[in-house]
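Below you'll find the structure, written out as structure tokens, and then a few comments.
The values are calculated or read from the model by the stated rules, or taken from the named source; none is laboratory data. The shown structure was predicted, so the numbers you read here are calculated from the model rather than taken from an experiment. When we count neighbours, we look across all protein chains shown, and the Cβ atoms used for this are built from the backbone with ideal geometry, even at glycine.
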Amino acid sequence: MYITTSRKPSDSTRVLARNISSFLNSTYENRGKKSVEDVVSRARLLGFRRVMVISESKGNPNKLSFISIGESWDWMSPELLFSVATAQLKGKIGRLGKEVSVHAKEKDLANLFDLPEPTTDDTVTLSIQRDSIMFKYGPKKLTLNIKGFMTIKPDEEDDDDDEEEERAEVPGEAEDEDEETG
């Protein structure tokens, strides 16, 4: 998987992107001024079939979007709206170089990651549930708390990450969880 960010990311968004990349044994590159088309071209050149774009709001990472690459490319649904504890955005995890074992109650969410079956038992665990995504290897752990999902309309090709968008909340969550927890 090729991982990048929205344009002009904050330091905490860059740290999160690097850490997710470490857990997934994938490639992270700064986006810079690349358009989405340029990002897809770069991912394709490196041999990837999937791109993860980490976006932010007010300097805090808050959305995972996925692009599927074949002969053409397309945004995938749903986009995942999340929060992450500030403490988890402080340190860099460093390269793990491990395969990933996916444990998912939500198969549609697991399909966004498009990860191959591991060939060894020494793996990073990616646990995907309706309300959280957890990456874990030994004592190293990163949890994204899913706050909602956004369905992409087929004609959407919006590259502006700052617009307020309609979202569907996760059932059972309180509406006052918009505050940063850490």
Tell me whether the stretch 84-104 contains one or more residues that are outside any helix (DSSP H, G or I), at pLDDT 95 or above, in contact with a Lys or Arg (Cβ under 9 Å, 6 or more places away or on another chain) and within 22 Å of Val124 (Cβ to Cβ). no
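If you go through the stretch 108-116 one residue at a time, do you hit one that is of a type in the set (A, V, I, L, M, F, W, C), farther than 27 Å from Met150 by Cβ and not in a strand (DSSP E or B)? Break it down into steps so the answer makes sense when it comes.
Quick first cut of the stretch 108-116, residues of a type in the set (A, V, I, L, M, F, W, C) only: 109-110, 112-113, 115.
Add one more test, that the residue is farther than 27 Å from Met150 by Cβ, and what stays is none.
No, the conditions are met nowhere in the stretch 108-116.
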Options Ser101, Ser77, Ser127, Ser83; residue that is touching a His at 6+ places or on another chain (Cβ under 7 Å) and either surrounded by 14 or more Cβ atoms within 10 Å (Cβ to Cβ) or in contact (Cβ under 8 Å) with a residue 60 or more places away in the chain (or both): Ser127
Which condition number in (1) polar (S, T, N, Q); (2) modelled with pLDDT of 95 or more; (3) buried (at least 18 other Cβ atoms within 10 Å of the Cβ) is the one that Ser22 fails? (2)
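Tell me, yes or no, whether the stretch 59-74 has at least one residue that is basic (Lys, Arg), in a loop (DSSP other than H, G, I, E, B), modelled with pLDDT of 80 or more and closer than 18 Å to Arg14 by Cβ.
Taking every residue of the stretch 59-74 in turn, none turns out to be basic (Lys, Arg), in a loop (DSSP other than H, G, I, E, B), modelled with pLDDT of 80 or more and closer than 18 Å to Arg14 by Cβ.
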